[in-house]
């Protein structure tokens, strides 16, 4: 029994000693050395330089896109030759081609409406006056509109073909 008491005392003293010992505080992080500080500063400078370069590149690309858009025809133009329009269309992106083709489509629809209106007007002229000045003027106007519509269609087809060549969808550009 004496042994058990001695053993208990020894165990209690070990436990108290271990639990009462002063706990060590963690060491503060080492202060950065000069080379570490220089590396950190260099990293910051490189990051800032990269951000500035990226921003400058974005601005340059935006300016280039605007210049290209200004170079190409984005309106209905019956004065340019079809070959000139084909050359322009080869240089344009699909979005620009679709924009121009849409404008040609709108112009053709407007011409078709004018032709329909004049045709109805011509049909309303009595048979006895079909050879008169009014009927001849309507017929002349119809011929001009028909030629204009034909020219619009020819130019429209240039842009639609360019869109197809570049793999674009032309489903909404059908007449």
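The values are calculated or read from the model by the stated rules, or taken from the named source; none is laboratory data. Just so you know, these numbers come straight off a predicted model, no measurement behind them. Positions of Cβ are generated from backbone atoms using ideal geometry, with glycine treated the same way; all protein chains shown enter the neighbour counts.
Taken as a whole, the range 65-72 holds at least one residue that is at pLDDT below 90 and surrounded by 15 or more Cβ atoms within 10 Å (Cβ to Cβ). Just give me the residues in the range 154-175 being crowded, with 16+ Cβ neighbours inside 10 Å and in a helix (DSSP H, G or I), in sequence order. Across the range 154-175, the qualifying residues are 155, 156, 158, 159, 160, 162, 163, 173. Across the range 119-137, the qualifying residues are those that are in contact with a helix residue (DSSP H, G or I) (Cβ under 8 Å, 6 or more places away or on another chain) and either farther than 30 Å from residue 173 by Cα or at pLDDT 90 or above (or both), and the one among them that is surrounded by the fewest Cβ atoms within 10 Å (Cβ to Cβ) is 129. Every condition in (1) modelled with pLDDT of 90 or more; (2) surrounded by fewer than 16 Cβ atoms within 10 Å (Cβ to Cβ); (3) over 16 Å from residue 160 (Cβ atoms) is met by residue 109 except one, and the failing one is (3). Inspect all residues belonging to the range 148-158 and state whether any of them is touching a residue at least 24 places away in the same chain (Cβ under 8 Å) and over 20 Å from residue 75 (Cβ atoms). Among the residues of the range 148-158, not one is touching a residue at least 24 places away in the same chain (Cβ under 8 Å) and over 20 Å from residue 75 (Cβ atoms), which makes the answer no.
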